[in-house]
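Colleague: Here's a structure for you.
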Amino acid sequence: MSESNLSRRKYLASVGGTAVALSVAGCSGGGGGSSQTITAGTAPGFPPFEMKEGGELVGFDIDLLEAVVNETDYEFEGWEEFEFDSLIPALTNNNIDVIAAGMTINDERDQTIDFSDPYYSSDQAIVVRADGDFSPGALGDLSDRPIGAQKGTTGEGVVQDELVGDVITENQYNAYDNYVLAIQDLENGNVDAVVIDVPVAETFAANRPVEVAFTYETGEQFGFGVRTDDDARQSALNDGLAAVRESGTYQELTGEWFGQ
Ligand code: GLN
């Protein structure tokens, strides 16, 4: 049984893609123990980690997590989409088993959930309109300006910790359900800067009339989120991550999604 699973997995891995996960799940028949499956949650609107293209969920996190799960004994059940700040409740309520959403590993979140080993590093970027005359070079230059970020993010943390009450008022901070709305409001002139993870800032800058004014070093590392009592999935994901790094898949995916 486990041997035929393994060879199927290898065959399917060579075929690649989402159809694989569906066909594995399809073949498992009814009554497959839910403890051996992984349903993943993400928050699209965070390119190139996760976004919708022609109605389809795509991105680095999507490909990476599916490749990682493919290296484990778990069956991949599919994706559920949430706003970013609903992901941790969805995980702790058992609606999903894993968060793959460019989520930074930090102490605050570590009190509620656990993380896999890190799979990507990032700092924060301060993004402004490309055609504007506002070109800040440091946080102090944001003085008295309306600033945007996505709710529940580390970018919001930078705004709250470094700006609010110091260089801007609480009212000058605009919190958005997702970063696409924040960038749209920046383009529309309703905020003068958005604080957002560097790789996502660069992706927006490549596709929309915005640019990175400067970066603010935070040394963040992204991990997959799991429930605190779920040591089994945590160690399976860590082994899977090591395997995709080893096989060259990790590097292929960073090349595809970040041109690195
Ligand atoms: N890395 C940031 C955080 O964890 C933003 C993640 C996101 O918006 N998807 O808060």
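None of the figures in this text is laboratory data; all of them are computed from the coordinates on show. A quick note: this is a predicted structure, and the numbers were derived from the prediction, not measured. We place every Cβ from the backbone using ideal geometry, glycine too, and count neighbours over all the protein chains shown.
Colleague: Given only helices, namely DSSP H runs of n ≥ 4 each adding -39500 (n - 2.57), what is the per-residue ellipticity at 222 nm of the chain, to the nearest 500 deg cm²/dmol?
Modeller: Details: 10 runs with 96 residues, N = 260.
So the helix-based figure for the chain works out to -10500 deg cm²/dmol.
Colleague: Moving on to the next point. Beta carbons within 10 angstrom, averaged per residue: use that to sort the peptides 103-114, 218-229, highest first.
Modeller: Details: 103-114: 15.8, 218-229: 19.6.
The peptides rank, most packed first, as 218-229, 103-114.
Colleague: Okay, next question. Under a point-charge model restricted to the Cβ atoms of Lys and Arg (+1) and Asp and Glu (-1), what is the dipole moment magnitude of the chain relative to its Cα centre, in debye to the nearest 20? Each step should come with its number before you reach the end.
Modeller: Values: 12 positive and 47 negative charges, 158 e Å.
With only Lys, Arg, Asp and Glu charged at Cβ, the dipole is about 760 debye.
Colleague: Antiparallel versus total DSSP beta bridges in the chain: what percent is that, nearest 5?
Modeller: Values: 22 of 37 bridges.
Of the beta bridges lying entirely in the chain, close to 60 percent run antiparallel.
Colleague: Which FRET efficiency value, to the nearest 0.05, do you get for Lys52 and Phe214 by plugging their Cβ-Cβ distance into 1/(1 + (r/R0)^6) with R0 = 25 Å?
Modeller: Working: r = 29 Å, r/R0 = 1.18.
So, using R0 = 25 Å, E works out to roughly 0.25.
Colleague: Just how far, in whole angstrom, is segment 114-152 from segment 196-260 if you go by their alpha carbon centroids?
Modeller: 17
Colleague: Evaluated at 10 °C with a viscosity of 1.306 mPa s, what Stokes-Einstein diffusion coefficient in µm²/s does the chain have when Rh comes from the Kirkwood expression over alpha-carbon pairs? Could you put the intermediate results ahead of the total?
Modeller: Working: Rh = 19.3 Å.
It comes out at roughly 82 µm²/s.
Colleague: If you take the beta carbon distance between Gln111 and Asp144 as r and set R0 to 35 Å, what does 1/(1 + (r/R0)^6) give as a FRET efficiency, to the nearest 0.05?
Modeller: On the way: r = 35 Å, r/R0 = 0.99.
FRET efficiency, Gln111 to Asp144: 0.50.
Colleague: Hey, can you grab everything whose amide H is under 5 Å from the amide H of Phe224? Only 5+ residues off in sequence or another chain; H modelled, so Pro and N-termini drop out.
Modeller: The list, which skips near neighbours in sequence, is Ser116.
Colleague: From Cα pairs below 8 angstrom and at least 6 apart in sequence, can you work out the relative contact order of the chain, rounded to a whole percent?
Modeller: Over the chain, the number comes to 26 percent.
Colleague: Could you work out the Kirkwood radius for segment 40-173, taking every pair of different alpha carbons, averaging 1/r and inverting it, reported in Å?
Modeller: Working: mean 1/r = 0.0593 Å⁻¹.
The Cα-based Kirkwood calculation yields 16.9 Å.
Colleague: Largest first and in whole Å, what are the equivalent-ellipsoid semi-axes of segment 125-218 based on the Cα gyration tensor, each being the root of 5 times an eigenvalue?
Modeller: Numbers: eigenvalues 60, 38, 33 Å².
Each semi-axis is the square root of five times an eigenvalue, giving 17, 14, 13 Å.
Colleague: Can you compute the modelled spin-label distance between Asp73 and Gln184, with each label point 7 Å from Cα toward Cβ, in nm?
Modeller: 4.6
Colleague: Could you sort 83-95, 117-129, 161-173 so that the peptide with the highest average Cβ count within 10 Å comes first and the rest follow in order?
Modeller: Numbers: 83-95: 16.8, 117-129: 20.7, 161-173: 14.6.
My ranking of the peptides, most packed first, is 117-129, 83-95, 161-173.
Colleague: Can you tell me the orientation of helix 18-27 relative to the chain, as the angle in degrees between its alpha-carbon axis and the longest Cα principal axis, to the nearest 10?
Modeller: For helix 18-27, the angle is close to 40 degrees.
Colleague: If you average 1/r across every pair of different Cα atoms in segment 213-253 and take the reciprocal, what Kirkwood value do you get, in Å?
Modeller: So the Kirkwood estimate lands at 12.5 Å.
Colleague: Would you work out which of Ile105, Val69, Gly59 lies farthest towards the positive end of the dipole of segment 58-114? Charges go on Cβ: Lys and Arg +1, Asp and Glu -1.
Modeller: Projecting each Cα onto the dipole axis, the largest value belongs to Ile105.
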